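Have a look at the structure below, then the notes.
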Amino acid sequence: MPVFTPERAILALGDGFFDPVTPAHFPQLILRFRNDRAAAEIGLAGLSDADWVTHFGRFRALPGSLDQPLALRYHGHQFRTYNPDIGDGRGFLFAQCRDASGRLMDLGTKGSGQTPYSRFGDGRLTLKGAVREILATEMLQALGLDTSRTFSVIETGEALQRSDEPSPTRGAVLVRLNHSHVRYGSFQRQAYLQDADAMQRLVDYALRHFAPHADAADPAAALLDHAVSTGARLAAQFMAAGFVHGVLNTDNINITGESFDYGPWRFTPAWDPDFTAAYFDHHGLYSFGRQAEALQWNAYQLAGALRLLAPVEALKPALEAFPARYRAALTTALLARLGVAPLGDDRDTALVKAIETALTQSRINPDRFWFDWRGGRRRAASPADATYDSEAFAAFHAAVAPYAGPAPSHPYWADAAPCTMLIDEVEAIWAPIAAADDWSALTAKIAAIRRMGEAMAGRP
């Protein structure tokens, strides 16, 4: 069993990268969700509920880690408009530690109070927003994505006013666990300030802790190469999951390539490239089919910042590699979602093309398709059988034949329907919480998602 191994690595960057802040004092602290599965990875699963609330509601420091929460400073492109007036506005880095494999991990917050970067915000998070983040992170982890984990949700007893949901609405404070909170925008800030020394420290920090095996002969180029690979992988994972993040601004892109910070996310009901998650994304900038484009564009902005340290000639090869790395990552992600091993030749490419064509033309729910064809073989019976017999799937039938393996053995694959997470389901889970403080639907859904994750991973 891992023991808690505290870290304070972020302090080596110097105080120009963050501001010490004081957490909000909340009138009430009601523990609503504790992720003991994630806590076990960093040696904190043994905390009592009282100690859990003390650390993740009152934010008493974890022994040996940061003495005080730190609001990180960064800039970013928001819907491709540069904004130098942002930073951690309703969150902070609370603690650092090592996980069971020795990776540096961050515990960061959302809804923990105002900071110097709150601008006109109240620094709070709605309870509904916290529930939505639990559902997003649990679902994405089960589907095999690189994602932050929702570590803790505590209701705060506050009544919040919001323009995008019925108000007053209940408040909460959330803690997330992930490999890093260093964003592309962290590098953009140093470029904006023309602080080459600070940029070098940040690059060295990122390589040391997040890409230790990168070729550091040219550190800036090595970091960009790492970012291109992880960004391409993330875009491919989004597609295989049928997931739309909604706000892929450079301040929301982590240098480790983990998905995090879930606001207006959605799972697409059909393979629709134009499907959007955010009601304010009027031009579909971050639509389902444009997420790879968005992450490639963001990599160019990171490269622009890193020009403070490296010439464009050194950075260009990584940028030019993005399309090929994305296509390779998409092949890996789609075949993994189908539950088949790649054959390592042109048949993989043909199968991916056939999948995309079939899903686009048929408009079938992607979750239904992946569920019915797990292992490259068709289920005995499905509500979608007529669709699978249509012309849209003709090329897929031919392409998938060489991949068919034994039927998956986990009981999940014998269920009548796949585990999904469409917006109507999210609202149905929230409704009894809002109306009667009934959390049973959320508890049941988390159990169902984790069961699906076991089946996806091939565990008994």
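FRET efficiency for the pair ASP67 and HIS25, taken as 1/(1 + (r/R0)^6) with r the Cβ-Cβ distance and R0 = 22 Å, rounds to 0.75. For region 340-407, a simple Cβ point-charge model (Lys and Arg +1, Asp and Glu -1, everything else neutral) yields a dipole of about 200 debye relative to the Cα centre. Multiplying the residue separation of ALA40 and TYR279 by 0.36 nm and subtracting their alpha-carbon distance yields 82.3 nm.
Remark: region 208-220, residue by residue, has Karplus-estimated 3J(HN,Hα) of 5, 9, 10, 9, x, 9, 5, 6, 9, 4, 10, x, 5 Hz, where x stands for each Gly or Pro and the curve is 6.51 cos²θ - 1.76 cosθ + 1.60 at θ = phi - 60°. A cut-off of 5 Å between modelled amide H atoms, ignoring neighbours fewer than 5 places along the same chain, links LEU343 with ASP348. In this structure the amide hydrogen of PHE151, modeled in the peptide plane, comes within under 5 Å of the amide hydrogens of VAL175, ARG176, LEU177, none closer than 5 places in sequence on its chain.
Straight-line reach from LYS128: taking Cα to Cα under 23 Å and skipping same-chain neighbours fewer than 8 places apart, the lysines in range are LYS110, LYS445.
Under the convention that each Lys and Arg Cβ holds +1 and each Asp and Glu Cβ holds -1, the size of the dipole of region 1-141 around its Cα centre is about 360 debye.
Taking region 265-293 and a reference point 7 angstrom along Cα→Cβ of ALA428, the backbone N atoms nearer than 17 Å belong to 267-270. What's the FRET efficiency of THR360 with SER409 using the Cβ-Cβ distance as r and R₀ = 35 Å, to the nearest 0.05? In this case the efficiency is close to 0.65.
Karplus-derived 3J(HN,Hα) values for region 396-405, using 6.51 cos²θ - 1.76 cosθ + 1.60 with θ = phi - 60°, are 5, 4, 6, 6, 7, 3, x, 9, 4, x Hz; glycine and proline are entered as x. If R0 is 41 Å, the Cβ-Cβ spacing of ALA100 and ALA447 corresponds to a FRET efficiency of close to 0.95. What the phi angles of region 326-341 give under the Karplus curve with 6.51, -1.76 and 1.60, with θ = phi - 60°, is a coupling list of 5, 4, 5, 5, 5, 4, 4, 5, 5, 5, 5, 5, 6, x, 10, 8 Hz, glycine and proline written as x. For ARG379 and ALA9, the difference between the fully extended length at 0.36 nm per residue and the C-alpha to C-alpha distance is 128.2 nm. Summarising the overall dimensions of the chain from its C-alpha atoms, the Rg and Dmax are 22.2, 63 angstrom.
Scanning residues 5 or more positions from PHE18 or on other chains, those with amide H under 5 Å from its amide H are ARG73, with H placed 1.01 Å from N in the peptide plane. Provide, in order from the shortest bin, the percent of all Cα-Cα pairs of region 340-407 in each 10 Å bin, continuing until the bin that contains the maximum pair distance. Binned Cα distances yield the sequence 21, 59, 20, 0.
If contacts are Cα pairs under 8 angstrom and at least 6 residues apart, what is the relative contact order of region 154-312 in percent? Averaging sequence separation for qualifying contacts and normalising by length gives 25 percent for region 154-312. Modelled spin labels at ALA394 and ALA159, positioned 7 Å past Cα toward Cβ, are 6.3 nm from each other.
Taking a ≥ b ≥ c as the square roots of the eigenvalues of the Cα gyration tensor, region 64-166 is classed as rounded, since a/c falls below 1.5. Per residue, the convex hull around the alpha carbon atoms of region 149-306 comes to 142 Å³.
For LYS316, no lysines have a Cα closer than 20 Å to its Cα, not counting residues fewer than 8 places off in the same chain.
Just so you know, all these numbers are worked out from the coordinates, no wet-lab data involved. On a predicted model such as this, the values are computed, not experimentally measured, just so you know. Glycine also receives a Cβ, built like all others from the backbone with ideal geometry; neighbour counts cover every protein chain displayed.
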